[in-house]
Amino acid sequence: MQSKLDAIYRGRTLVLGHRGASAYAPMNTLPAFMLAADQGADGIELDVQLTHDGHLIVLHDFTVDHTTDGHGFARDMTLAQIRQLDAGLWFGEAFRGTRIPTLDEVFQAVGQRFRLINVEIKSESWETTDGVEAAVAKSILRFNMIDHVIVSSFNAMALRRFRAVLPEAAIGYLYAPDNPSTYHLMDDFPHEARHPHYSLIDQHLMTWDHDHHYRVNTWTVNDPAVARSLRQLGVDAIMTDYPNKIIEALRD
Ligand code: G3P
Ligand code: MG
(Lines give C-alpha, C1' and ligand atoms only; values in the text may rest on other atoms or scores of the structure.)
(Ligands and ions follow the chains in the order given, each with its own letter.)
Protein backbone atom coordinates (compact mmCIF):
# COMPACT_ATOMS: atom_id res chain seq x y z
CA MET A 1 0.00 0.00 0.00
CA GLN A 2 2.77 2.44 0.87
CA SER A 3 4.46 1.86 -2.48
CA LYS A 4 1.21 2.84 -4.16
CA LEU A 5 1.31 6.13 -2.24
CA ASP A 6 5.03 6.54 -2.98
CA ALA A 7 4.13 6.57 -6.67
CA ILE A 8 1.66 9.38 -6.03
CA TYR A 9 3.90 11.58 -3.86
CA ARG A 10 7.24 11.02 -5.55
CA GLY A 11 9.08 12.68 -2.69
CA ARG A 12 7.59 16.15 -2.64
CA THR A 13 4.86 18.10 -0.86
CA LEU A 14 1.68 17.93 -2.92
CA VAL A 15 -0.79 20.80 -3.23
CA LEU A 16 -4.47 19.80 -3.17
CA GLY A 17 -7.36 22.15 -3.86
CA HIS A 18 -9.56 22.05 -0.76
CA ARG A 19 -13.11 21.52 -2.09
CA GLY A 20 -11.42 22.49 -5.39
CA ALA A 21 -9.98 25.96 -5.92
CA SER A 22 -12.72 27.06 -3.54
CA ALA A 23 -11.48 30.61 -3.01
CA TYR A 24 -12.28 31.33 -6.66
CA ALA A 25 -15.25 29.13 -7.53
CA PRO A 26 -18.11 27.54 -5.56
CA MET A 27 -16.80 24.78 -3.32
CA ASN A 28 -17.24 21.15 -4.32
CA THR A 29 -18.42 21.91 -7.86
CA LEU A 30 -16.96 21.04 -11.25
CA PRO A 31 -15.84 24.64 -11.94
CA ALA A 32 -13.86 24.61 -8.66
CA PHE A 33 -12.26 21.25 -9.48
CA MET A 34 -11.42 22.21 -13.06
CA LEU A 35 -9.91 25.47 -11.91
CA ALA A 36 -7.72 23.60 -9.42
CA ALA A 37 -6.44 21.50 -12.32
CA ASP A 38 -5.90 24.60 -14.46
CA GLN A 39 -3.91 26.19 -11.64
CA GLY A 40 -1.63 23.15 -11.56
CA ALA A 41 -2.81 21.50 -8.33
CA ASP A 42 -1.60 17.95 -7.81
CA GLY A 43 -5.05 16.98 -6.64
CA ILE A 44 -8.24 17.95 -4.88
CA GLU A 45 -10.07 17.23 -1.66
CA LEU A 46 -13.87 16.87 -1.77
CA ASP A 47 -16.67 15.88 0.60
CA VAL A 48 -19.23 13.17 -0.12
CA GLN A 49 -22.53 12.03 1.35
CA LEU A 50 -25.62 10.10 0.28
CA THR A 51 -28.96 11.33 -1.00
CA HIS A 52 -32.22 9.79 0.20
CA ASP A 53 -32.23 7.45 -2.80
CA GLY A 54 -28.64 6.32 -2.27
CA HIS A 55 -26.68 8.48 -4.74
CA LEU A 56 -23.28 9.77 -3.80
CA ILE A 57 -23.08 13.55 -4.06
CA VAL A 58 -20.28 16.01 -3.44
CA LEU A 59 -21.40 18.36 -0.70
CA HIS A 60 -19.82 19.64 2.51
CA ASP A 61 -22.67 20.57 4.86
CA PHE A 62 -25.38 18.07 5.72
CA THR A 63 -27.91 20.67 4.60
CA VAL A 64 -27.99 22.41 1.23
CA ASP A 65 -28.84 25.77 2.82
CA HIS A 66 -25.43 27.41 2.77
CA THR A 67 -24.30 26.57 -0.76
CA THR A 68 -27.50 26.34 -2.81
CA ASP A 69 -30.82 28.09 -3.30
CA GLY A 70 -32.62 25.23 -1.51
CA HIS A 71 -33.25 24.20 2.08
CA GLY A 72 -33.06 21.01 4.06
CA PHE A 73 -30.93 17.94 4.58
CA ALA A 74 -29.41 16.29 1.52
CA ARG A 75 -30.17 12.88 3.02
CA ASP A 76 -33.89 13.72 2.84
CA MET A 77 -33.72 14.60 -0.88
CA THR A 78 -33.55 12.48 -3.99
CA LEU A 79 -30.84 13.02 -6.58
CA ALA A 80 -33.50 14.45 -8.88
CA GLN A 81 -34.32 17.07 -6.25
CA ILE A 82 -30.63 17.80 -5.66
CA ARG A 83 -30.17 18.36 -9.38
CA GLN A 84 -32.76 21.14 -9.32
CA LEU A 85 -30.64 23.24 -6.96
CA ASP A 86 -28.36 26.06 -8.01
CA ALA A 87 -25.02 25.52 -6.27
CA GLY A 88 -23.21 28.45 -7.86
CA LEU A 89 -25.31 31.55 -7.43
CA TRP A 90 -24.48 31.93 -3.71
CA PHE A 91 -20.86 32.39 -4.78
CA GLY A 92 -21.42 34.73 -7.71
CA GLU A 93 -23.57 35.49 -10.71
CA ALA A 94 -20.92 34.03 -13.03
CA PHE A 95 -21.60 30.59 -11.55
CA ARG A 96 -25.39 30.66 -11.92
CA GLY A 97 -26.68 27.25 -12.98
CA THR A 98 -23.81 25.24 -11.45
CA ARG A 99 -25.07 21.97 -9.99
CA ILE A 100 -24.04 19.77 -7.08
CA PRO A 101 -22.06 17.00 -8.79
CA THR A 102 -22.05 13.30 -8.06
CA LEU A 103 -18.71 11.65 -7.28
CA ASP A 104 -19.04 9.76 -10.57
CA GLU A 105 -19.33 13.04 -12.45
CA VAL A 106 -16.20 14.40 -10.77
CA PHE A 107 -14.18 11.27 -11.55
CA GLN A 108 -15.46 11.40 -15.11
CA ALA A 109 -14.66 15.11 -15.58
CA VAL A 110 -11.30 15.47 -13.82
CA GLY A 111 -10.19 12.06 -12.61
CA GLN A 112 -7.42 11.90 -15.18
CA ARG A 113 -6.15 15.40 -14.47
CA PHE A 114 -4.95 14.74 -10.92
CA ARG A 115 -2.37 12.65 -9.20
CA LEU A 116 -4.52 12.33 -6.07
CA ILE A 117 -8.16 12.82 -5.15
CA ASN A 118 -8.93 12.87 -1.44
CA VAL A 119 -12.51 11.71 -0.93
CA GLU A 120 -13.71 12.78 2.52
CA ILE A 121 -16.68 10.78 3.75
CA LYS A 122 -19.13 12.94 5.71
CA SER A 123 -21.01 10.54 7.91
CA GLU A 124 -22.64 10.71 11.33
CA SER A 125 -23.43 7.00 11.32
CA TRP A 126 -21.51 5.34 14.12
CA GLU A 127 -22.76 1.85 14.91
CA THR A 128 -24.38 1.11 11.56
CA THR A 129 -23.80 2.26 8.02
CA ASP A 130 -26.01 4.43 5.86
CA GLY A 131 -24.34 2.79 2.85
CA VAL A 132 -21.95 5.59 2.01
CA GLU A 133 -18.81 3.46 2.26
CA ALA A 134 -20.02 0.90 -0.30
CA ALA A 135 -21.13 3.71 -2.62
CA VAL A 136 -17.68 5.34 -2.46
CA ALA A 137 -16.02 2.00 -3.17
CA LYS A 138 -18.23 1.36 -6.19
CA SER A 139 -17.52 4.78 -7.66
CA ILE A 140 -13.75 4.36 -7.19
CA LEU A 141 -13.86 0.97 -8.92
CA ARG A 142 -16.18 2.17 -11.69
CA PHE A 143 -13.67 4.84 -12.69
CA ASN A 144 -10.54 2.83 -11.99
CA MET A 145 -9.33 5.43 -9.47
CA ILE A 146 -8.02 3.08 -6.81
CA ASP A 147 -4.37 4.08 -7.27
CA HIS A 148 -5.22 7.78 -7.14
CA VAL A 149 -7.44 8.16 -4.09
CA ILE A 150 -7.15 8.49 -0.36
CA VAL A 151 -10.46 8.11 1.46
CA SER A 152 -10.57 10.10 4.69
CA SER A 153 -13.06 10.83 7.44
CA PHE A 154 -13.41 12.30 10.92
CA ASN A 155 -15.57 9.24 11.55
CA ALA A 156 -13.26 6.35 12.48
CA MET A 157 -16.10 3.86 12.21
CA ALA A 158 -16.79 4.93 8.62
CA LEU A 159 -13.11 4.38 7.82
CA ARG A 160 -13.22 0.93 9.34
CA ARG A 161 -16.29 0.07 7.29
CA PHE A 162 -14.72 1.48 4.14
CA ARG A 163 -11.62 -0.61 4.64
CA ALA A 164 -13.79 -3.72 4.90
CA VAL A 165 -15.45 -3.06 1.54
CA LEU A 166 -12.35 -1.90 -0.38
CA PRO A 167 -9.15 -2.92 1.45
CA GLU A 168 -6.93 -1.98 -1.51
CA ALA A 169 -7.69 1.74 -1.23
CA ALA A 170 -5.62 4.02 1.01
CA ILE A 171 -7.35 5.63 3.99
CA GLY A 172 -6.56 8.70 6.09
CA TYR A 173 -7.77 9.60 9.57
CA LEU A 174 -8.91 13.21 9.96
CA TYR A 175 -8.70 15.06 13.24
CA ALA A 176 -8.81 18.61 14.53
CA PRO A 177 -8.26 20.48 17.80
CA ASP A 178 -11.97 21.19 18.22
CA ASN A 179 -13.39 17.70 17.79
CA PRO A 180 -13.08 15.12 20.53
CA SER A 181 -10.23 12.76 19.87
CA THR A 182 -11.29 9.32 18.76
CA TYR A 183 -7.78 8.50 17.70
CA HIS A 184 -7.67 5.47 19.98
CA LEU A 185 -10.19 3.89 17.58
CA MET A 186 -7.49 3.94 14.92
CA ASP A 187 -4.64 2.82 17.21
CA ASP A 188 -4.88 -0.80 16.25
CA PHE A 189 -6.33 -0.20 12.82
CA PRO A 190 -4.03 -0.07 9.79
CA HIS A 191 -4.24 3.20 7.88
CA GLU A 192 -1.86 4.87 5.47
CA ALA A 193 -2.32 8.55 6.21
CA ARG A 194 -3.18 10.95 8.97
CA HIS A 195 -4.94 14.21 8.22
CA PRO A 196 -4.41 16.57 11.18
CA HIS A 197 -5.42 20.21 11.14
CA TYR A 198 -2.22 22.15 10.42
CA SER A 199 -2.17 23.78 13.86
CA LEU A 200 -1.42 20.36 15.38
CA ILE A 201 1.73 19.78 13.34
CA ASP A 202 5.19 20.07 14.83
CA GLN A 203 8.49 18.24 14.39
CA HIS A 204 7.59 15.66 17.01
CA LEU A 205 4.35 14.72 15.21
CA MET A 206 6.10 14.53 11.85
CA THR A 207 8.90 12.33 13.14
CA TRP A 208 6.49 9.99 14.90
CA ASP A 209 4.13 9.70 11.93
CA HIS A 210 6.86 9.12 9.39
CA ASP A 211 8.59 6.62 11.69
CA HIS A 212 5.25 4.77 11.77
CA HIS A 213 4.91 5.03 7.96
CA TYR A 214 1.97 7.40 7.92
CA ARG A 215 1.69 10.08 5.28
CA VAL A 216 0.72 13.45 6.76
CA ASN A 217 -1.79 15.45 4.72
CA THR A 218 -2.94 18.68 6.31
CA TRP A 219 -5.63 21.36 5.89
CA THR A 220 -6.63 24.13 5.28
CA VAL A 221 -3.51 26.18 4.64
CA ASN A 222 -4.06 29.46 2.82
CA ASP A 223 -1.03 31.38 4.11
CA PRO A 224 2.08 30.96 1.92
CA ALA A 225 4.47 31.38 4.87
CA VAL A 226 2.68 28.66 6.83
CA ALA A 227 2.80 26.39 3.77
CA ARG A 228 6.57 26.89 3.48
CA SER A 229 7.16 26.03 7.13
CA LEU A 230 4.96 22.93 6.86
CA ARG A 231 6.96 21.77 3.87
CA GLN A 232 10.11 22.38 5.89
CA LEU A 233 8.70 20.04 8.54
CA GLY A 234 8.16 17.37 5.88
CA VAL A 235 4.39 17.48 5.42
CA ASP A 236 3.31 15.23 2.51
CA ALA A 237 0.33 17.21 1.20
CA ILE A 238 -1.22 20.60 1.83
CA MET A 239 -4.90 21.26 1.16
CA THR A 240 -5.67 24.85 0.31
CA ASP A 241 -8.49 27.00 -1.00
CA TYR A 242 -5.85 28.85 -3.09
CA PRO A 243 -3.85 26.26 -5.05
CA ASN A 244 -2.22 28.92 -7.23
CA LYS A 245 -0.85 30.87 -4.23
CA ILE A 246 0.45 27.81 -2.42
CA ILE A 247 2.00 26.33 -5.57
CA GLU A 248 3.80 29.63 -6.07
CA ALA A 249 4.95 29.68 -2.43
CA LEU A 250 6.43 26.19 -2.76
CA ARG A 251 8.07 26.81 -6.13
CA ASP A 252 11.86 26.31 -5.86
O1 G3P B 1 -10.38 16.98 4.56
C2 G3P B 1 -9.88 18.13 5.15
C3 G3P B 1 -10.96 19.10 5.53
O4 G3P B 1 -11.81 19.27 4.43
C5 G3P B 1 -11.74 18.66 6.73
O6 G3P B 1 -12.66 19.61 7.17
O7 G3P B 1 -14.86 20.68 7.30
O8 G3P B 1 -13.30 21.32 5.48
O9 G3P B 1 -14.43 19.10 5.45
P10 G3P B 1 -13.86 20.19 6.31
MG1 MG C 1 -13.51 18.24 3.70
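The values are calculated or read from the model by the stated rules, or taken from the named source; none is laboratory data. Treat the numbers as computed from the prediction; the structure is a model and nothing was measured. Please note: Cβ atoms are built from the backbone with ideal geometry, for glycine as well, and neighbour counts cover all protein chains shown.
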Just name the residue that is surrounded by the most Cβ atoms within 10 Å (Cβ to Cβ) out of those in the stretch 106-151 that are part of a strand (DSSP E or B) and free of Cβ contacts under 8 Å to residues at least 60 places away in the same chain. Val151
Of the listed residues (Ala25, Ala37), the one being among the hydrophobic types (A, V, I, L, M, F, W, C) and assigned to a loop (DSSP other than H, G, I, E, B) is Ala25
I'd like the residue in the stretch 217-252 that is among the hydrophobic types (A, V, I, L, M, F, W, C) and within 16 Å of ligand 2 (Cβ to nearest atom) and, out of all such residues, is farthest from Ser152 (Cα to Cα). Val221
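Does the stretch 152-168 hold any residues that are within 22 Å of Glu127 (Cα to Cα), part of a loop (DSSP other than H, G, I, E, B) and over 13 Å from the mean Cα position of the chain (by Cα), and which are they? Break it down stepwise before answering.
Initial filter on the stretch 152-168 (within 22 Å of Glu127 (Cα to Cα)): 152-167.
Imposing the further condition that a residue be part of a loop (DSSP other than H, G, I, E, B) reduces the set to 154-155, 166-167.
Asn155, Leu166, Pro167, listed by residue number.
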Go through (1) touching a Leu at 6+ places or on another chain (Cβ under 8 Å); (2) within 14 Å of ligand 1 (Cβ to nearest atom); (3) modelled with pLDDT under 95 one by one and return the number of the condition Ile150 breaks. (3)
Scanning for something at pLDDT 95 or above, outside any helix (DSSP H, G or I) and over 26 Å from Met145 (Cβ atoms), does the stretch 176-187 turn up at least one residue? no
Sort out which residues of the stretch 23-64 are within 16 Å of ligand 1 (Cβ to nearest atom), polar (S, T, N, Q) and more than 16 Å from Arg99 (Cβ to Cβ), and write them in order of number. Thr63
Is it true that Arg163 is at pLDDT 95 or above, of a type in the set (D, E, K, R), loosely packed, with under 13 Cβ neighbours inside 10 Å and on the phi < 0 side of the Ramachandran plot? no
Scan the stretch 1-32 residue by residue and report those that are in contact with a Lys or Arg (Cβ under 6 Å, 6 or more places away or on another chain) and closer than 18 Å to Val48 by Cα. Met27, Asn28
Considering only the stretch 113-146, state which residues are touching a Gly at 6+ places or on another chain (Cβ under 8 Å) and small (Gly, Ala, Ser). Gly131, Ala135
The one condition in (1) within 13 Å of ligand 2 (Cβ to nearest atom); (2) hydrophobic (A, V, I, L, M, F, W, C); (3) under 14 Å from Met239 (Cα atoms) that Leu14 fails to fulfil: (1)
